[in-house]
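J.: Sharing a structure, written as structure tokens. Questions coming.
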Amino acid sequence: DRAGAVGGGGAPEVVGGGRGEGKGDAPSARFSPAVLDRSALGRVPHESQRREPAREDMAPGAHHVAGFGLGPAENYEQVPRFYAGGLDKQGVSDGRLEFDVPMSLQDGFDVSGDIDRFRSFPFDSTRVDLSVLLFKSTRPEWADKHIALSLRRPQVNLLDYAPHSEYQQFDLDGVDRHSNDYQLSGVSLAAETHAPPPFLRNNGWEEGDLLCGVLLSLHIRRSHAFYVVNSIKPMYTIAAFGFCAYAVEPSDLADRVSLCAVLFLSIYAVQWTTAGHIPRLPFKTVLDNVSESVSAVLMLILIGNVLAYHVARPPRNCARRLEDAEDVVDACAFDDEKADAVDLACSLVVLAYVSLFSVGYRTVYAAWNANRRTGASRPWCKGPYLRNKRFRPTSEAYHLRVDDAFA
């Protein structure tokens with residue numbers, strides 16, 4: 001989470017990228033967007049003699065979008081410090097500067113603006129992209145000419161017995177994962193370069209010069225435990241109880257129909273418990289698909305019960321037609337073998353519908369596909385998502401999974 005810069009003259013600005021203003025809570029992250037290597041400064045005094053450069057010469061500016069705060073750097077009140085890792089054995093700095101800017105989402109942002117992601121409710125999620133661009137309008141800092149971005153900060157191993165990598169890309173402390181219905185599931189960090197806008201191309205710009213920036217993505221998911229426990233599990237439990245109708249004798253159609261009717265009413269009772277927590281949308285969601293699938297399961301079971309009864313029952317007026325037969329009782333008896341065969345076929349069809357179509361396709365796959373397409377699992381190679389519509393990582397990229405083990 002540090003970016004190196006080479007060259008002198010002209011202080012870079014840090015500009016927050018993206019558009020939009022929202023409401024709600026959001027986590028805060030602090031990282032160091034730039035380490036500036038001012039080799040033109042030559043040998044500079046000992047760190048103990050000079051803690052930071054002159055404010056009037058080296059104070060960069062920082063601008064941000066609404067809801068995105070950069071602390072004192074916004075008002076030119078923060079200056080770079082000499083990079084502690086750039087000291088030699090005599091304690092003399094090599095000229096590299098560290099610009100450590102605390103960034104926070106002060107007012108948050110409205111994740112409800114993306115209505116399409118609600119198709120996978122309650123498993124919906126989103127990815128919010130933010131960017132920090134390094135440039136100054138009066139004198140741009142071109143990538144690889146003045147500034148070289150690198151996210152490979154050497155790891156500071158404070159605990160020798162703890163496993164660690166050679167580099168540290170993230171420094172994220174005190175994470176509060178949950179905010180109302182949502183939770184932070186991950187943070188992604190990348191470096192990027194892009195062509196400058198036209199108004200900057202007359203300030204020392206040469207063909208091939210690029211601006212650089214640091215890209216940050218917040219992966220946000222809905223906490224779906226409430227909806228799973230209070231809606232989805234009860235729904236599929238009702239579907240499982242529907243199979244109990246096959247335990248009732250096929251000839252007792254009235255009891256089978258009564259069981260299915262009670263289970264039908266239970267579906268609407270379960271929906272009533274979560275009605276106040278479900279958003280009103282103009283399309284169906286995964287939760288709606290679950291209730292429709294369970295209703296279809298009970299209807300299929302009911303149709304199978306009726307079919308088994310009519311296939312196995314004796315013809316009407318059987319006794320009167322066969323009054324001359326030797327064994328009228330056997331000829332007019334209910335054919336349990338036919339009914340059992342119909343029940344077996346219907347139960348296999350219903351079981352395949354529940355496991356493959358309802359659970360597999362309309363629930364699991366629908367939620368997975370929506371999150372890959374428009375949610376927190378949308379990869380960077382598929383392009384930007386919320387706020388920064390020109391979000392294009394071009395070099396290093398890292399992802400931190402903020403799960404229970406990390407928190």
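J.: Report yes if ASN230 is crowded, with 16+ Cβ neighbours inside 10 Å, closer than 18 Å to SER120 by Cα, touching a helix residue (DSSP H, G or I) at 6+ places or on another chain (Cβ under 8 Å) and modelled with pLDDT of 90 or more, otherwise no.
T.: In short, no.
J.: Report whether or not GLY174 is modelled with pLDDT under 75 and within 21 Å of the chain's Cα centre (by Cα).
T.: Considered against the rule, which asks whether it is modelled with pLDDT under 75 and within 21 Å of the chain's Cα centre (by Cα), GLY174 comes out as yes.
J.: If you check LEU151 against the conditions, is it modelled with pLDDT of 75 or more, part of a loop (DSSP other than H, G, I, E, B) and buried (at least 16 other Cβ atoms within 10 Å of the Cβ)?
T.: Yes, satisfied.
J.: Give just the number: which of (1) open to solvent by less than 30 Å² (accessible area, probe 1.4 Å); (2) at pLDDT below 85 does PRO250 not satisfy?
T.: For PRO250, the failing item is (2).
Rundown of residues vs (1) in a helix (DSSP H, G or I); (2) buried (at least 16 other Cβ atoms within 10 Å of the Cβ), yes/no style:
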{"position": "ASP209", "(1), (2)": "no, yes"}
{"position": "CYS212", "(1), (2)": "no, yes"}
{"position": "LEU218", "(1), (2)": "no, yes"}
{"position": "ILE238", "(1), (2)": "yes, yes"}
{"position": "ALA254", "(1), (2)": "yes, no"}
{"position": "TYR268", "(1), (2)": "yes, no"}
{"position": "PRO282", "(1), (2)": "no, no"}
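J.: Also, I was wondering about something else. When the residues of segment 196-245 are narrowed to those that are without any contact (Cβ under 8 Å) to a residue 40 or more places away in the chain and basic (Lys, Arg), which ends up farthest from LEU184 (Cα to Cα)?
T.: ARG201
J.: A further question on this structure: Of a type in the set (Ser, Thr, Tyr), surrounded by 14 or more Cβ atoms within 10 Å (Cβ to Cβ) and under 26 Å from VAL311 (Cβ atoms): is that true of TYR353 in this structure?
T.: Spelling it out, TYR353 is indeed of a type in the set (Ser, Thr, Tyr), surrounded by 14 or more Cβ atoms within 10 Å (Cβ to Cβ) and under 26 Å from VAL311 (Cβ atoms).
J.: Which residues, counting only those in segment 344-386, are in a loop (DSSP other than H, G, I, E, B) and either in contact with a Ser or Thr (Cβ under 9 Å, 6 or more places away or on another chain) or hydroxyl-bearing (Ser, Thr, Tyr) (or both)?
T.: Result: GLY375, ALA376, SER377, ARG378, TYR385.
J.: Which pairs do you get when a residue that is at pLDDT below 65, found in segment 129-140, comes within reach of a residue that is in a strand (DSSP E or B) and open to solvent by 10 Å² or more (accessible area, probe 1.4 Å), reach meaning Cβ atoms under 9 angstrom, with the pair 6+ apart or on two chains?
T.: As it stands, the answer is LYS136/GLU13; SER137/GLU13, since those pairs meet every condition given.
J.: Among SER120, SER112, SER125, SER93, which is the only one that is under 18 Å from LEU218 (Cα atoms) and crowded, with 17+ Cβ neighbours inside 10 Å?
T.: Unique residue meeting the criteria: SER125.
Residue by residue, here is whether (1) among the hydrophobic types (A, V, I, L, M, F, W, C); (2) in contact with a strand residue (DSSP E or B) (Cβ under 6 Å, 6 or more places away or on another chain); (3) loosely packed, with under 15 Cβ neighbours inside 10 Å holds:
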| position | (1), (2), (3) |
| --- | --- |
| THR374 | no, no, no |
| ARG378 | no, yes, no |
| LEU386 | yes, yes, no |
| VAL402 | yes, yes, no |
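J.: Show the residue pairs that are 6+ apart or on different chains and have beta-carbon atoms under 7 Å apart, the first residue being within segment 285-307 and more than 14 Å from LEU259 (Cα to Cα) and open to solvent by less than 30 Å² (accessible area, probe 1.4 Å), the second being among the aliphatic types (A, V, I, L, M) and not in a helix (DSSP H, G or I).
T.: LEU287/ILE278
The values are calculated or read from the model by the stated rules, or taken from the named source; none is laboratory data. No experiment lies behind these values; they were computed from the predicted model shown. Note that we place each Cβ from the backbone using ideal geometry, even for glycine, and neighbour counts take in every protein chain shown. Side chains are part of the model used for accessible areas, which takes the heavy atoms of the whole protein and leaves out ligands, DNA and RNA. Shrake-Rupley method; radii C 1.70, N 1.55, O 1.52, S 1.80 Å.
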